[in-house]
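Below is one structure; the comments refer to it alone.
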Amino acid sequence: MASNGQPKILVFSTEKISDPALDLAGLLKKHYPFTIYTISVPCSSCIKPRWIMRAFDKGFSGVFIAADGTDCSYGESCGEKTSQVVTTTHQLMRDKGLKPSQLKMAAICSVCAEPVVKHLTGFMKELEKMQS
Amino acid sequence: MTKKKIGVYVCHCGGNISDYVDIEKVKEAVKDEANVYLLKNTLFACSDSSQKEMVADIQTNELDAIVVASCSPKLHVPTFRGVAQRAGMNPYNYVQVNIREQGSWAHSDNPKGATEKAILLVKAGIARAAESEALTSSKIPAANVVAVIGAGVGGMRSAIALADMGTEVYLIEKEKNVGGHVANFGSLFTTDKMGYELSANLLSEVKKRENIKLFTNAEIVEKKGSIGNFDIQVKVDNDVLPLHVGAFVVNTGFDSYQPQQGEYGFGEQTNVITLPEFKKLIDNSSERLIFNGKAIKKVAYIYCVGSRQNDEGDNKYCSRYCCTAAIHASVQVNKKFKDVTNLHFNRGIRTYGKQELLYEESSKNGDIYLQFSLDSIPEITQKGGKTFVKVKDILSAGKEVETEADLVVLVTGMVPRENSKLASQLKIPVGRDNFFNEIHMKLRPVETVIDGVLIAGTCQSPKNILETMNSSMAAAAKINSVLTKGEMTLDPTLAKINPSQCTWCGKCAEACPFDAIIQTEFDGRIVAKINEANCKGCGMCTPVCPTDAIDLAGFTNAQIEGMIDALAE
Ligand SMILES: Cc1cc2nc3c(=O)[nH]c(=O)nc-3n(C[C@H](O)[C@H](O)[C@H](O)COP(=O)(O)OP(=O)(O)OC[C@H]3O[C@@H](n4cnc5c(N)ncnc54)[C@H](O)[C@@H]3O)c2cc1C
Ligand code: SF4
Ligand code: SF4
Ligand code: SF4
């Protein structure tokens, strides 16, 4: 838990598409809670369920996958494959007594500064409610 | 092997970072992290003097990895990889940490929080660097030869630009004649040059260059290989020609939107035609504008047909050229024929830049502009053998206006040309709008995710001729700069399979969109193996493996989990 008692969110962003949206949000000084941390990967369909489970194990309250959606430059199957990662992980989460709503996914494109901030602040509010 | 001598640089970025992030606090917090050997702050990490200092640090201290905490990786990864390389360190033992865009700027409202976040981000970067591996890019010889596909005005421009930079070009056109759409046009905006002349001029320039070989009636039938070394088979008339090329510039152009049967009366009323048909009519008429034996006195143009569609249509985009093309046509009508009234039923005119002058000219000519919205589109009706157009005009407070028209011109937009065979041969990604898709509209506008396959002109998005030419020259310059060295460096961030863990279930091969997983033998068993020439490093194969036998270089379990542990502190 962070110094201010807020839940922590781990974001998996993608190097070419959704991470630039987070950069753009910063550039536009669109603020979001500082307890949101990003790890950037090439494509959202390469995220391993074990990484997500590791984040929960170590104390993250939520994991957010900023997926490429139909914009993925590696091909159309990305969205479906990322959803598969989420489905598999949801099962592992249930087995550990975690709520599926602690893992969220949304398609974020490189200019989605506003939407990504909305998603993240909304998710933070949900997690805060869950915590209280 | 864990890196034990890591150099960490925390950048102020002038005040961009240090105005919000307490750099001293960050240093204090990370100084005792395992494997940190050297820790410095720097005013501008990317400045020449800082880069030189880093090179010296790496060499004198024999550092085995570095972490630079500064701006977004999109900006300076090549800069600091270069630093590592100049110092004799493997560039993949350098890690970038973004404490500006996702630190000081995102949390400029909360300096304490921004500092706390920066500390954890730097710690995660150190953890990632500790587990980083030296990766070697292999070099392969590359042919400085480009196949330009499509000899419209865009393709011919690409070919000429490439040839002038010393690249050999095969210009491959599937039709008998070159020039694409433009070859069939008369007067063009904004210069009033003739389309067929422009096309003929380009063709004569193409023919002047010995290093361009033009094939018409030609199409690619087979493609193998990867950037620098593609082997293709091109069917020219009835022969099949094998060619070796280093890259492709795809200039395959667009199609005009074909209205649906009944859309604004199209196909049902003979005097409802499309803009390309109307352009031909203007070009082929002299003195009087005659259609179906009848003199035309009133033309109604309906804009945005097949573009800017609502949820029911596929084409959400603006086709960019058509406002200007329609207005240009109406100006032509006024120049060429007497007493014709032009009525423009539009959705807000988009004649950007210099094209605005045409709009002004048309307005001065007395053309009438009426504006509608998508929820109340113009209605075309027939009464007593006459055609009427009715609309609620936004510009006069939604007043209903009805007028007779002799000819209705549907200002049809651009749609992607049917080219699925080529798209699957070259694996060109297609975007949400069904046009070919670049990596990034602004940062890498002519490259696709497939190395060595570039796109330009209207196969990528609607463009006018000037925009087509600009993107074609950009694609030519981009690929020439890669091939001209005669050798290629391959990106080493690829998937790797641990054969002792693989039980050949085939799931990774099924998941890989690039046919990059093949079978091989290991210890007398069949296992999976990465074909490095095809692997794009997307990692799609990694989460599907039931035995977790696949890691993506640079994103290994050890690295990502090290980062997660650090961020969770
Ligand atoms: C009615 C109308 C009026 C216009 N007026 C103007 C104007 O006045 N001024 C202006 O600036 N712009 C105008 N434009 C836009 C202009 O036509 C385009 O900008 C231009 O044609 C784009 O050129 P291109 O080379 O990208 O595509 P294209 O003209 O479509 O050429 C593509 C070429 O690729 C070939 N090809 C396609 N697939 C393959 C394949 N698989 N293998 C080999 N070859 C292939 C095609 O046969 C064609 O020759 C107008 C457009 C329309 C529809
Ligand atoms: S250029 Fe004009 S007519 Fe064409 S789609 Fe855009 S707004 Fe509509
Ligand atoms: S990383 Fe991507 S391209 Fe490479 S083998 Fe795996 S799925 Fe195929
Ligand atoms: S998914 Fe894993 S076990 Fe199956 S073939 Fe690929 S590497 Fe081997």
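Listed conditions (1) assigned by TED's automatic domain parsing to the domain that holds B:Ala127; (2) not in a helix (DSSP H, G or I) are all met by B:Glu24, apart from (2). Quick one: would you say B:Ser158 is open to solvent by 10 Å² or more (accessible area, probe 1.4 Å), of a type in the set (S, T, N, Q) and under 28 Å from B:Ser226 (Cα atoms)? Judged against the criteria, B:Ser158 is not a match. Restricting attention to the stretch B:436-489, which residues are away from ligand 3 (no atom under 16 Å from the Cβ), within 14 Å of chain A (Cβ to nearest Cβ), under 13 Å from B:Ala247 (Cα atoms) and of a type in the set (D, E, K, R)? Once the filter is applied, which keeps residues that are away from ligand 3 (no atom under 16 Å from the Cβ), within 14 Å of chain A (Cβ to nearest Cβ), under 13 Å from B:Ala247 (Cα atoms) and of a type in the set (D, E, K, R), the stretch B:436-489 yields only B:Glu447.
A count restricted to the stretch B:261-293 and to residues that are under 28 Å from B:Lys421 (Cβ atoms) and either modelled with pLDDT under 95 or part of a strand (DSSP E or B) (or both) stands at 1. For the stretch B:392-404, indicate whether the set of residues that are in contact with a His (Cβ under 6 Å, 6 or more places away or on another chain) and modelled with pLDDT of 95 or more is non-empty. Looking through the stretch B:392-404, none of the residues is in contact with a His (Cβ under 6 Å, 6 or more places away or on another chain) and modelled with pLDDT of 95 or more.
Summed over the stretch B:276-303, the residues that are buried (at least 17 other Cβ atoms within 10 Å of the Cβ) and away from ligand 1 (no atom under 14 Å from the Cβ) give a count of 7. One residue stands out among those in the stretch B:404-420 that are open to solvent by 20 Å² or more (accessible area, probe 1.4 Å) and not in a loop (DSSP other than H, G, I, E, B): the one that is farthest from B:Val305 (Cα to Cα), which is B:Ser420. B:Asp551 fulfils the conditions (1) in contact with a Lys or Arg (Cβ under 8 Å, 6 or more places away or on another chain); (2) open to solvent by 50 Å² or more (accessible area, probe 1.4 Å) except for a single criterion, (2).
The residues of the stretch B:304-321 that are within 15 Å of ligand 2 (Cβ to nearest atom) and open to solvent by 10 Å² or more (accessible area, probe 1.4 Å), listed by number, are B:Cys304, B:Arg308, B:Gln309, B:Asn310, B:Gly313, B:Asp314, B:Asn315, B:Lys316, B:Tyr317, B:Cys318, B:Arg320, B:Tyr321.
Each residue in the stretch B:493-541 was checked for being more than 9 Å from ligand 4 (Cβ to nearest atom) and polar (S, T, N, Q), and 5 of them qualify. Could you grab me the full set of residues in the stretch B:101-118 that are within 7 Å of chain A (Cβ to nearest Cβ), within 32 Å of the chain's Cα centre (by Cα) and touching a residue at least 40 places away in the same chain (Cβ under 8 Å)? Scanning the stretch B:101-118 gives B:Trp105, B:His107.
Is it true that some residue in the stretch B:97-107 is surrounded by fewer than 24 Cβ atoms within 10 Å (Cβ to Cβ) and of a type in the set (Phe, Trp, Tyr)? Within the stretch B:97-107, not a single residue is surrounded by fewer than 24 Cβ atoms within 10 Å (Cβ to Cβ) and of a type in the set (Phe, Trp, Tyr). Taking the stretch B:508-521 as the range and being within 11 Å of ligand 3 (Cβ to nearest atom), surrounded by 15 or more Cβ atoms within 10 Å (Cβ to Cβ) and not aliphatic (A, V, I, L, M) as the test, the residues that pass are B:Cys508, B:Cys512, B:Pro513, B:Phe514.
From the list B:Val8, B:Val77, the lone residue that is within 12 Å of chain A (Cβ to nearest Cβ) and over 19 Å from A:Phe34 (Cα atoms) is B:Val77. Meeting the requirement of 3 or more residues that are touching a strand residue (DSSP E or B) at 6+ places or on another chain (Cβ under 9 Å) and of a type in the set (Val, Ile, Thr), the strands (runs of 3 or more DSSP E) wholly within the stretch B:52-170 are B:65-70, B:145-149.
Can we say A:Ser83 is among the polar types (S, T, N, Q) and at the interface with chain B (Cβ under 7 Å from one of its Cβ atoms)? Judged against the criteria, A:Ser83 is not a match. In the set (1) among the small types (Gly, Ala, Ser); (2) within 16 Å of ligand 1 (Cβ to nearest atom); (3) without any contact (Cβ under 8 Å) to a residue 60 or more places away in the chain; (4) touching a helix residue (DSSP H, G or I) at 6+ places or on another chain (Cβ under 7 Å), the condition left unmet by B:Gly457 is number (3).
Look at A:Cys72 and say whether it is at the interface with chain B (Cβ under 9 Å from one of its Cβ atoms) and without any contact (Cβ under 8 Å) to a residue 12 or more places away in the chain. No: the conditions fail for A:Cys72.
A quick yes/no check of all residues on (1) in the same structural domain as B:Glu287 (by TED's automatic domain parsing); (2) part of a strand (DSSP E or B); (3) not aliphatic (A, V, I, L, M):
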| position | (1), (2), (3) |
| --- | --- |
| B:Leu343 | yes, yes, no |
| B:Ile349 | yes, no, no |
| B:Tyr359 | yes, no, yes |
| B:Leu374 | yes, no, no |
| B:Ile380 | yes, yes, no |
| B:Leu422 | no, no, no |
| B:Val449 | no, no, no |
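Might you check whether a residue that is farther than 24 Å from B:Ile428 by Cβ, at pLDDT 95 or above, within 16 Å of ligand 3 (Cβ to nearest atom) and small (Gly, Ala, Ser) occurs anywhere in the stretch B:530-539? No; the residues of the stretch B:530-539 include none that is farther than 24 Å from B:Ile428 by Cβ, at pLDDT 95 or above, within 16 Å of ligand 3 (Cβ to nearest atom) and small (Gly, Ala, Ser).
For the subset of the stretch B:491-545 comprising residues that are within 12 Å of chain A (Cβ to nearest Cβ) and small (Gly, Ala, Ser), which member is nearest to the chain's Cα centre (by Cα)? Among them, the one singled out is B:Gly537.
Residues are listed down the side, and each one gets a yes or a no for (1) within 14 Å of ligand 1 (Cβ to nearest atom); (2) touching a residue at least 60 places away in the same chain (Cβ under 8 Å):
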{"position": "B:Lys316", "(1), (2)": "no, yes"}
{"position": "B:Arg320", "(1), (2)": "yes, yes"}
{"position": "B:Ala325", "(1), (2)": "yes, yes"}
{"position": "B:Ala329", "(1), (2)": "yes, yes"}
{"position": "B:Phe345", "(1), (2)": "no, no"}
{"position": "B:Tyr352", "(1), (2)": "yes, no"}
{"position": "B:Gln355", "(1), (2)": "yes, yes"}
{"position": "B:Leu358", "(1), (2)": "yes, yes"}
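For the stretch A:21-69, a residue qualifies if it is modelled with pLDDT of 95 or more, assigned to a loop (DSSP other than H, G, I, E, B) and within 7 Å of chain B (Cβ to nearest Cβ), and the qualifying residues are A:His31, A:Tyr32, A:Phe34, A:Ile47, A:Lys48, A:Lys58, A:Gly59, A:Phe60. When the stretch B:208-230 is filtered for residues that are within 17 Å of B:Asp515 (Cα to Cα), charged (D, E, K, R) and touching a residue at least 12 places away in the same chain (Cβ under 8 Å), the ones remaining, listed by number, are B:Glu222, B:Lys223.
The values are calculated or read from the model by the stated rules, or taken from the named source; none is laboratory data. Fair warning: this is a prediction, and the values are worked out from it, not measured in the lab. Here Cβ is always computed from backbone atoms with ideal geometry, including for glycine, and neighbour counts include all displayed protein chains. We work out accessible area using only protein heavy atoms, side chains counted, and drop any ligands, DNA or RNA first. Shrake-Rupley method; radii C 1.70, N 1.55, O 1.52, S 1.80 Å.
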